[in-house]
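First comes the structure, then the notes that go with it.
The values are calculated or read from the model by the stated rules, or taken from the named source; none is laboratory data. Remember, it's a predicted structure, so these values are computed and weren't measured experimentally. Using ideal geometry, Cβ is built from the backbone for each residue, glycine included, and neighbour counts are taken over all protein chains shown. Calculation scope for accessible area: heavy atoms of the full protein, side chains included, ligands and nucleic acids excluded. Shrake-Rupley method; radii C 1.70, N 1.55, O 1.52, S 1.80 Å.
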Amino acid sequence: LKDAARDDRKIVLERGIAGREFECAVLGNAKPAASVPCEILPSREFYDYEDKYLLDKAKVELPARLPADKIEEMRRLAVECYLACGAEGMSRVDFLLEAATGKLYINEINTIPGFTSISMYPKMWEHSGIPFAQLLDRLIELALERQQAKKATLFTRAD
């Protein structure tokens, strides 16, 4: 804390969550939908940059091996998080499932998730029934929809 206080006036403290890590893709504007989630299986204690991009040892379980009610809770929370943040188009919501309590925590929202050959966003949608080409078409449709809404917005100047 002392080291952090030397660098900034604001410090964020988070309670550690011992458990499993999941991701869920969200797609849409005003009425978003959530994909089937996946589980990240890190090769070491933490799923960090090195584990994800350099070591190439982390594994992914798609779909996540969870009871149906937990999957539905995760999908519902992913959409609620998306809407609460005012996200549009696409995002990925990451979760932690606490081992001791079974409680699900939203870890973060990625408003511009990866879209590379190793990215889970398109893979989760593929598994949910939206192939890559169709996903691209849908993202373009959503962008055009947002552009039309923006054009329809009237702005007035206060002088």
Seminar exercise, completed: Across (1) touching a Ser or Thr at 6+ places or on another chain (Cβ under 7 Å); (2) modelled with pLDDT under 95; (3) open to solvent by less than 60 Å² (accessible area, probe 1.4 Å); (4) not hydrophobic (A, V, I, L, M, F, W, C), Ser35 clears everything bar (2)
Seminar exercise, completed: Of the conditions (1) open to solvent by 80 Å² or more (accessible area, probe 1.4 Å); (2) free of Cβ contacts under 8 Å to residues at least 60 places away in the same chain; (3) in a helix (DSSP H, G or I), the single one that Glu145 does not satisfy is (2)
For this session: Just give me the residues in the range 95-142 being under 20 Å from Ala68 (Cβ atoms) and part of a helix (DSSP H, G or I), in sequence order.
Result: Met124, Trp125, His127
Seminar exercise, completed: Residues of the range 73-82 being farther than 19 Å from Gly19 by Cα and open to solvent by less than 80 Å² (accessible area, probe 1.4 Å), in sequence order, are Val79, Cys81, Tyr82
Problem set entry | Members of the range 88-105 found to be closer than 18 Å to Pro32 by Cβ and in contact with a helix residue (DSSP H, G or I) (Cβ under 8 Å, 6 or more places away or on another chain), listed by number | Glu88, Gly89, Met90, Ser91, Arg92, Val93, Phe95
Seminar exercise, completed: Matching residues in the range 1-23 (open to solvent by less than 100 Å² (accessible area, probe 1.4 Å) and within 30 Å of Cys38 (Cβ to Cβ)) number 8
Problem set entry | Candidate set: the range 40-56, residues that are over 20 Å from Phe115 (Cβ atoms) and in contact with an Asp or Glu (Cβ under 7 Å, 6 or more places away or on another chain); chosen: the one most open to solvent (accessible area, probe 1.4 Å) | Arg44
For this session: Taking Lys70 as the residue in question, decide whether it is among the charged types (D, E, K, R), closer than 17 Å to Ala25 by Cα, touching a residue at least 60 places away in the same chain (Cβ under 8 Å) and open to solvent by less than 90 Å² (accessible area, probe 1.4 Å).
Result: no
Exercise. Does Ala87 satisfy the condition of being under 21 Å from Gln134 (Cα atoms) and either free of Cβ contacts under 8 Å to residues at least 40 places away in the same chain or loosely packed, with under 11 Cβ neighbours inside 10 Å (or both)?
Worked result: no
For this session: Determine, yes or no, whether Gly102 is surrounded by fewer than 12 Cβ atoms within 10 Å (Cβ to Cβ), more than 29 Å from Asp137 (Cα to Cα) and of a type outside the set (Lys, Arg).
Result: yes
Exercise. If you scan the range 105-137, which residues turn out to be touching a residue at least 24 places away in the same chain (Cβ under 8 Å), in contact with a Leu (Cβ under 9 Å, 6 or more places away or on another chain) and either open to solvent by 80 Å² or more (accessible area, probe 1.4 Å) or among the hydrophobic types (A, V, I, L, M, F, W, C) (or both)?
Worked result: Ile106, Met120, Lys123, Met124, Trp125, His127, Ile130, Leu135
Exercise. Any residue at all in the range 102-110 that is charged (D, E, K, R) and farther than 14 Å from Glu23 by Cα?
Worked result: yes
